[in-house]
Every structure is written in structure tokens, then in C-alpha cells.
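Bear in mind these aren't lab numbers, they're just calculated from the coordinates by the rules spelled out. Quantities reported herein were computed from a predicted structural model and do not represent experimental measurements. Using ideal geometry, Cβ is built from the backbone for each residue, glycine included, and neighbour counts are taken over all protein chains shown.
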Amino acid sequence: MKPPSLLALQPQTLNFIWFGAPEIGSTKTIAVSVSIDGQTFREVGKHGFPLARATLASISFPDTEAQHIRLTYLDHHAQLAGDFPNTFSFTTEVEAYRT
């Protein structure tokens, strides 16, 4: 079964997204994009995560109408963190708000 590639919400105004990576895996940089129609996405921010350390990050952006949130894993650390190939990507949570 293929995991979903994006999150679908009720259409709403967003300006803040909280997301994280765990201590396992070699996830490095995650870009966050939003869309109202699920076809045209606009990147609202990205964050580079350290290797082998559970970390949360947040991005703030101007008010944006969105129904879909997409995470894109841009790269990975060369070293391994846990018993997973360094090409596996992990996310611990994603929360979206209007602050």
C-alpha cells in the first residue's frame, strides 16, 4: 500500500505549520507546500534537520487559503541513523494553524 503523498484538510486560512523529524532515519531537509486545489502548490518554507536527533520545526508565512499540505524530502544525511537506508524519510508530526 502506497502512503499518501499529501494531507487534505477542509479549506481554511493557514499561516503557521509545525513539523518534525525523529532520531531515526537520515531525513535532512523538508520543504512544505500548500495548495487550495491539490494541483498547484506553493512552497511556504523548508527546514534542515540534524542527524539522529528528534527535532521539531515551525514555519510562519502570510495568510494563505489551503486545503492540501505537501511535504517534499529534498535530501538526506549520508550517515545512517538507525537500521534504515539513508534514503528512507521520516516525519513525526504535522500541525497546521492560523495564529
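So the values come out like this:
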| read-out | value |
| --- | --- |
| Test item: Cα-centred dipole of the range 22-96, Lys/Arg +1 and Asp/Glu -1 on Cβ, debye | 220 debye |
| Convex hull volume of the chain per residue (C-alpha atoms, cubic angstrom) | 95 Å³ |
| Sequence ranges 40-51, 75-86, ranked by mean other-Cβ count within 10 angstrom, highest first | 40-51, 75-86 |
| Centroid-to-centroid separation of the range 40-62 and the range 18-39 [C-alpha atoms, Å] | 6 Å |
| The chain - percent relative contact order, Cα under 8 Å, separation 6 or more | 44 percent |
| Positive-pole candidate from Phe41, Asn86, Phe16, dipole of the range 6-97, charges at beta carbon | Asn86 |
